[in-house]
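The values are calculated or read from the model by the stated rules, or taken from the named source; none is laboratory data. Please read these numbers as outputs of a predicted model, since none were measured by experiment. As a convention, Cβ positions derive from the backbone with ideal geometry for all residues, glycine included, and neighbour counts pool all protein chains shown. For the accessible areas, the whole protein counts, side chains as well, though only heavy atoms, and no ligand, DNA or RNA atoms are used. Shrake-Rupley method; radii C 1.70, N 1.55, O 1.52, S 1.80 Å.
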Amino acid sequence: MNAMRDVCNISSEFGVAAALEARRLSEKYGKDYLSCDDLVSIMGIGKNNARQLINNTAFPTIEVGNRKVVSVIAFALWSLKDSDMYA
């Protein structure tokens, strides 16, 4: 429930920026959910770092079968949340 409250409390600029970034990523990768390999490509990090991130409880993953993935919009919100631009 806290996650929903957090999403509702974001500023409109932050929400628009996240929506635009989510749309860009979704169109570029042709999917709405990102895998560990997608995170490697997007973030320019190694596979071990991507695995650590995806297994971190602060990172917004969901389980699909035995795989963990992150929705494009959740990733966009997560990547922008600590940005000084929207603080």
Next on the checklist: Regarding segment 49-71, can at least one residue be identified that is among the small types (Gly, Ala, Ser), modelled with pLDDT of 95 or more and in contact with a Leu (Cβ under 7 Å, 6 or more places away or on another chain)?
Outcome noted: yes
Next on the checklist: Go through segment 1-41 and report how many residues are more than 16 Å from residue 71 (Cα to Cα) and modelled with pLDDT under 70.
Outcome noted: 8
Item to check | Any chance residue 79 is surrounded by fewer than 17 Cβ atoms within 10 Å (Cβ to Cβ) and polar (S, T, N, Q) | outcome: yes
Next on the checklist: Being open to solvent by less than 50 Å² (accessible area, probe 1.4 Å) and either over 19 Å from residue 30 (Cα atoms) or aliphatic (A, V, I, L, M) (or both) is the filter here; which residues of segment 46-74 pass it?
Outcome noted: 46, 50, 53, 54, 59, 60, 69, 70, 72, 74
Item to check | Identity of the residue in segment 31-57, part of a loop (DSSP other than H, G, I, E, B) and under 11 Å from the mean Cα position of the chain (by Cα), that ends up nearest to residue 17 (Cα to Cα) | outcome: 32
